[in-house]
Structure formats: structure tokens, C-alpha cells
Amino acid sequence: MSTDLVITVTGQEIRKKFLKFFETRGHKTVPSSPLVPDDPSVLLTTAGMQQFKRYYTGELDAASDFGGLNTATVQKCFRTSDIDEVGDESHLTFFEMLGNFSFGGYWKEEAIRYAHEFIRREMELEIDYVTVFGGDEEMPADDEAAEVWERVKKENKEIFEVKMAGREDNFWGPTGAEGPCGPTTEIYVRGVEVWNVVFNEFYRMRDGEYLPIEEKGGKRGIDTGMGLERLAMMAQGADNIFETDLLLPITETIPETLTEREKRIATDHLRGAAFLIADGVRPSNKEAGYVLRRILRRVIAKGDDLTAALKAVVDGYGGFYQELNLNDIKRVYSEEENRFKQTLRRGLSELKRLGRVDARKAFDFYQSYGLPYEVVADAAGMKAEFSREEFERELERHQEKSRAGAEKKFGGHGLALDTGELKAGDEEEVDKVTRLHTATHLLHQALRQVLGEEVEQAGSDITPERTRFDFSFPRRLKEEEIKQVEEIVNEVVARDLPVKSIILLKEEAEKTGALHFFKRKYPEEVTVYYVGEDLEHAFSKEFCGGPHVKRTGEIGKFKITKQEAVGAGVRRVRAVVILMK
């Protein structure tokens, strides 16, 4: 790692430069919101726009709250989606996002010109190329943004390319099943995307229809995000984000006994942990607390004293983020360290004596010593021969085995129906689990409507007494959300819709939008069960082997009786159906 890098502009100066640039252009500087947001759709704050969502929908008024229609922020963000890649040249869990926002104020022309001026004049960086949305079968190409960029190029005598790109890269949103969304334009420097400018001009309905956002009472607006660490890397001429002045002082405190990749992981995780602790998160086995425990234990497992890195975080960031308190951060760190190291020593000692470590052995260490996936994978090193998916399958197999053992222990009997998911002892019980099985399909779809399409099934188990459904979601459901889900299911039951099935080639079935386990291997032909008169307009449709009721009216009244956490990012609900007399 290079330690003699000449810093011409510091990360602290970039923050100030960004905020001043937009303040002089009529933007109100708004403080960063906490990492634990007041937003039920996400576990942690992942973008600068999260605190402003209701200004785009028209629920809140920016002019009243901010004295104008435009704001700018430096937002603390935390994402776990790239946690396995942390340690390479560019991936982080915690990062800072610079953003400027407009809620019915300026539009594409001004937003693009602001971005160009800041990158070229303020930061003195060369633009490699920019991308704009090229359109698809649902939405037209964003010719307006492309034309603005061409004018900017011509006026400034610059020669970068304006590229048309697809939806995956250049169309944002919505968050959840419906909401504001729109095309984007991205700016690339040294081949790296540094700034994403979103034009929220549409509102996507639950049925997939796109409306002008004004028709839903909202305001079209600008939402931008630029990673401070990436921008600093460009401005400082660093080879990677860990050589910027934002991260290098932390990395330099990490003991030399760690490898280069381990130093980067420790730098990222300790910085992120410090900010989570400062925002009130404490290590636990649930939600944000589990994220904190996970990253702390990964670095504690290295066995070195890393408290100097925590001090470096506070020294480097405490001036801008005054909520960082070194004493509190070190106390929480030490408590978790003491709690974890007792079992860690025994577990790692045993791990070193092994040869190859497959998923089964990795799970054994998780079960016996409480060592998370990351700790076992890191400690096993070259001996590790398992993926996160294989590890999680072992966890699922263990849970199924435990359930089967419990049924046997507490008086199980010969089963008239046992598909693995459905269990019934006689014809009367078969009738009950069949009604519950169809209700579970309705539950799955209702959860996606209320919580967002990111909800995916993670497992289910149905007995004559209840259905138990596991699904991906980062937090506890609110009472009003549970009520909404129940109302949706019971409304479909009351409509007495037909339940039908069709056999299709797997590829054809996938194109219908039928829900299924994305990681499961299916045969070439699959059965799709759907609720409604036809497959295209069905309320729900899933790959499934049955059995199901013939009409939803047979199900009875649906009621959720309990919810609980299964693990990080996975929730469980239990529900019953009651035949009405």
C-alpha cells in the first residue's frame, strides 16, 4: 500500500466543497439521517433519498420544512449486499453519499448542468463518458437527458461519449411494490461510476402501470447520489478507496500480522461498527443488532487489538459527525469482544486441526461455537470448500431435521400426506392442510403487495393446525401491515376465485412471472398453480405441486397468529384458517 500519496484535496474538503456548491445555488443543507431509519421498507439507511421519500409523493411539503424546494446532504449509508466483496479495491459496507435533491423545483437541464459543473470545475476531473436510459418495452428512451448532455458537451468543447443504457443500469425504483421512479443518468470518471442522477417523473402502480407522478399527487423531482470515497479516490489519484485520506489513517493502525485483504475488511467493518454504535445500535441476534454483531465478530476473530482503529475513526470523522463518542464505541466493542472470545478460542483451535472444511463441517462450527459464516470461511482459508448458499442449505436441513424429530418425540403418526411442506394424518387433516396450502400462496402474494416485491419465500411448513411461512424481510412487521395482509387474503377468499393449474416448460413458466425459489433446481416441465380466471390476470401464481382447493371460498377466514425472526433478514409468520359456520 502506498503511504506517500500527495493529497491535494481531503475528504473533509470535498464534503464542504459539495455542500457550499449547492448552498450557493439555492439548496438547504440537511443533516444526515441516522443509520437506523424511520422507514419500514429497509433495515438500515442505504441512500440519501430515504429521508426525503415523502416529499416526492406529496405527503410532506419541502417549502414548509426547508424553506424551499431544493436540499443537499452528506448521508451516512450502510449496505450489506456487498459484504462478501469487502476487501477488494472498491466495495464497502459503510460509506458516505453526497446528494442534491429537488422536489418540484428544477429539472433535467439544471440537474445535469450542476453535475457537470461540479465534476469539471470544482473537482477538476475529466469525464470519461455518461449514460442515459435507452428505453425498453415499457418506457421510452430519455432523449431529453441525452440532448442536454450533447448541448453541454458542445458548449464546453468536450468530447466524452453519451451512451444509451438499459433499465438495470439507468432506471431507478420504485422502493417496494409501488412508488416514485424514473430514468437516470450516470457520470463515469476513470471508468468508474461516480454520480447517479435520478429523474423521478413516474409513479409505478402495484399492477405494473406507470403514471406521471403528478397524477398520484406527487412532484417530479431530482434525486442524486455520489459516493464520497469513490470521488476522493478520483480526486486524490489513489489506486483504490483504501488509499484515500478517508480510510488510510484507519488502515495504518491495523496490526501487520493481518494480510492486506484482512486489513481492508477490518478498516471497513470497524468504521461501520463505530457509526452503528454511535446511532444507538447494540450487538444482538436481531435486525440491525445482528449486522453489528456480524461485522464485529469477523474482525474480533483475528485476535489482535484493534481499538487503535476505532480511535482513528473518531479522530478522522468526529469533527463532521459529532455523535461519534470514543468511550461508548470502545465499551460496546470490548463487551462484544469478551463475550465472543471465550467460544472463539475453542472453535478456531478445533478448526485448525481439520483438513478440508465443507458446508456440513462449517455448520457444525456455527452450531457448536456460534461462529458466523464469515468467521468460519475466513479462518478456514484455503481449506474452505463451501459457499454461503451451501452453508445456508445446511442450516435449512438442520431446521427440517429438528422439526421431524420434534414430531416423532411428541406423538407423530403415520401420515396420509407428507410432501415435506404439507403433513396430514387422515383425510380430515388433508382437507385442513389443503385449505392452508392455498392460503399460504395468497399470503405470499399479499406480503409482496404490502411490503414490496423484494419479499421472497424462504421456506414453509404446513400442519393441520397452522401454516408457517418464512420470507426475506429485514424487520418486524407493524400491526397495520399485518392487518393489511389479512384483509387482502380475506378479500380474495370472499371473491371465491377459481384455483387452476397449468403445466409449462420451465422457461415459459418463468416468463409468466410465477413465483418460485430462484436457487432451486426444477425439472424441464413444471406445474404452475394460479388464483383467478386466467394466468395473465391471476392474483397469485407459483410453481407448485399441489394439492389446492378448487375455489378460494373453501379456505375460510385467514388470521395471522404470530410473527418472529428466523435469522438475519428472514421473518416468519404463523397463520390459521377458520371455516365460517
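Just so it is clear, none of the values below were taken in a lab; they were calculated from the coordinates. As the structure is a computational prediction, the values presented were derived from the model and not from experiment. Neighbour counts run over all protein chains shown; Cβ positions are idealised from the backbone, glycine included.
Of note:
- Residue among Y321, A288, T251 farthest towards the positive dipole end of region 208-337, charges placed on Cβ: A288
- Label-point separation in nm, E524 to E453, each point 7 Å along Cα→Cβ: 3.1
- Under 20 Å from the R339 label point (7 Å along Cα→beta-carbon), backbone N, region 252-281: 269-281
- Rounded is the label for region 11-243. Its Cα gyration tensor axes, ordered a ≥ b ≥ c, give a/c under 1.5.
- Considering only alpha-carbon pairs that sit under 8 angstrom and 6 or more positions apart, the relative contact order computed for region 417-578 is 28 percent.
- Helical content of the chain, expressed as a calculated mean residue ellipticity at 222 nm, amounts to -12000 deg cm²/dmol (DSSP H runs of 4 or more residues, -39,500 (n - 2.57) each, divided by residue number, nearest 500).
- Sparse-neighbourhood loop sites, trypsin sites (Lys or Arg not before Pro) in region 143-202 - DSSP loop, at most 10 other Cβ within 10 angstrom: K157
- Loop-located GluC sites (Glu not before Pro) across region 459-536 with a Cβ neighbour count of 15 or fewer within 10 Å are E465, E524, E533, E536, with loop assigned by DSSP.
- One chain, two ends: S472 and S349. Fully extended at 0.36 nm per residue, the span grows by 40.9 nm beyond their Cα-Cα distance.
- Cross-link pairs beyond the 31 Å C-alpha cut-off, checked among K153/K216; K17/K286; K511/K550; K28/K108: K153/K216; K17/K286
- Of the trypsin sites (Lys or Arg not before Pro) in region 343-381, those whose Cβ has at most 10 other Cβ within 10 Å and which sit in DSSP loop: R353
- DSSP beta bridges confined to the chain are antiparallel in about 90 percent of cases.
- Taking the chain and dividing mean pair separation by its residue count, relative contact order in percent (alpha carbons under 8 Å, at least six apart): 10
- Each part gets one Cα centre, and for region 275-327 versus region 105-158 those centres are 39 Å apart.
- For the listed residue pairs K432/K506; K330/K361; K483/K541, the alpha carbons are over 25 angstrom apart in K432/K506; K330/K361.
- Mean Cα-pair separation over length for region 11-243, i.e. relative contact order, pairs under 8 Å, 6 or more apart, %: 21
- When +1 charges are put on Lys and Arg Cβ atoms and -1 charges on Asp and Glu Cβ atoms, the dipole computed for region 499-579 relative to its Cα centre reaches about 640 debye.
- Distance from the C-alpha centroid of region 471-485 to that of region 168-232: 26 Å, rounded to the whole angstrom.
- Nearest-0.05 FRET efficiency for R121 and N240, computed from C-beta distance (R0 30 Å): 0.70
- Bridging of K219 to aspartates and glutamates at a Cα separation below 16 Å is possible for E59, D61, D65, E178, E201, once same-chain residues fewer than 8 apart are set aside.
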